[in-house]
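Student: This is the structure, below, for whatever I ask next.
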Amino acid sequence: ITLSRHRRKATEAELAEYFNLFPEFILKVNASRLQKLDTAKIDIERVTPHAKSDIFIRTKAYNPENKSIDVDWRVRSDKNGNVRIIDVKIEGISLVATQRDDFTARISSSGISGLNQYMKDIIDGLTVAEEETTS
């Protein structure tokens, strides 16, 4: 989803490196983003099936002062029944859309190989994810 149309332009080697780096990169980036929520409690408000394999989960996250924010989760199950989070929207802002916009800008300026190097730098701690991935 985050590579969008740029996937077609990438070489097999670039894609292999991208798919190798992406899981660790996305965990590192989103863990730092989600830590900022300072969540004390989460209430599930509703669960809505979407299409064949997606489910939307609307939650309210509460901070220690009991102030709430809307957090929407899009989860998908594969043919083996494994469920994965596909997207998280915080107050209507999609982490996937934000990441896709960031990747598009990076690919436009330095290509897929530049994006892969950026992801390596984040993983290795050479670049700070919180500052570099905000769109």
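The values are calculated or read from the model by the stated rules, or taken from the named source; none is laboratory data. Note that the structure is predicted; figures quoted are calculated from it, not measured. Cβ coordinates were reconstructed from backbone atoms using ideal geometry, including for glycine residues, and neighbour counts include every protein chain displayed. Areas reflect the complete protein model, heavy atoms only, side chains present, ligands, DNA and RNA absent. Shrake-Rupley method; radii C 1.70, N 1.55, O 1.52, S 1.80 Å.
Student: First measure r as the distance between the Cβ atoms of R84 and E45, then evaluate 1/(1 + (r/R0)^6) with R0 = 22 Å and state the FRET efficiency to the nearest 0.05. Write down the numbers at each step before the final one.
Tutor: Details: r = 21 Å, r/R0 = 0.97.
According to the calculation, E is roughly 0.55.
Student: Next up: Considering only C-alpha atoms, what is the centroid distance from segment 1-29 to segment 69-91, in Å?
Tutor: Going from one Cα centre to the other spans 19 Å.
Student: Same structure again: Please give the FRET efficiency for S108 paired with S32, using the beta carbon to beta carbon distance and R0 = 35 Å, rounded to the nearest 0.05.
Tutor: Once the sixth-power term is evaluated, E becomes 0.90.
Student: Computing the accessible area with a 1.4 Å probe over protein heavy atoms, can you report the carbon and sulfur percentage for segment 6-135?
Tutor: Using a 1.4 Å probe with all protein chains present, segment 6-135 comes out at 51 percent carbon and sulfur.
Student: Provide the solvent-accessible area of K89, counting protein heavy atoms only and rolling a 1.4 Å probe, rounded to the nearest 10 Å².
Tutor: 90
Student: Just the accessible area per residue of the chain, please: how many Å² with a 1.4 Å probe?
Tutor: 64
Student: Hey, another quick one. Per-residue HN-Hα couplings for segment 97-103, Karplus 6.51 cos²θ - 1.76 cosθ + 1.60 at θ = phi - 60°, whole Hz, x for Gly and Pro?
Tutor: Karplus values, whole Hz, x for Gly and Pro: 5, 4, 5, 4, 4, 5, 4.
Student: Turning to a different aspect of this structure: Using θ = phi - 60° and the Karplus curve 6.51 cos²θ - 1.76 cosθ + 1.60, what whole-Hz ³J(HN,Hα) does each residue of segment 27-40 get, with Gly and Pro shown as x?
Tutor: Taking θ as phi minus 60°, the curve returns 5, 5, 5, 6, 4, 5, 5, 6, 4, 5, 5, 6, 7, 9 Hz for segment 27-40.
Student: Shape call for the chain from the C-alpha gyration tensor, a ≥ b ≥ c root eigenvalues: rounded (a/c under 1.5), prolate (a/b greater than b/c) or oblate?
Tutor: Taking the square roots of the gyration eigenvalues as a ≥ b ≥ c, the chain is oblate.
Student: Then there is this: Under a Cβ-Cβ cut-off of 13 Å, what is the net charge of the residues other than D38 that fall near it, where Lys and Arg count +1 and Asp and Glu count -1?
Tutor: Charge balance in the 13 Å sphere: +3.
Student: Could you tally the net charge around I93, taking each other residue with its Cβ under 14 Å from the Cβ of I93, Lys/Arg +1 and Asp/Glu -1? Numbers along the way, then the final one.
Tutor: Details: positive: R33, K36, R74, K89, R100; negative: D70, D72, D87, E91, D101, D102.
Cβ neighbours under 14 Å give a net charge of -1.
Student: Counting Lys and Arg as +1 and Asp and Glu as -1, what is the net charge of the other residues whose Cβ lies under 12 Å from the Cβ of N20?
Tutor: -2
Student: Counting only protein chains, not ligands or nucleic acids, how are H6, H50 ordered by accessible area (probe 1.4 Å), most first? Each step should come with its number before you reach the end.
Tutor: Values: H6 10, H50 85 Å².
Accessible-area ranking of H6, H50, largest first: H50, H6.
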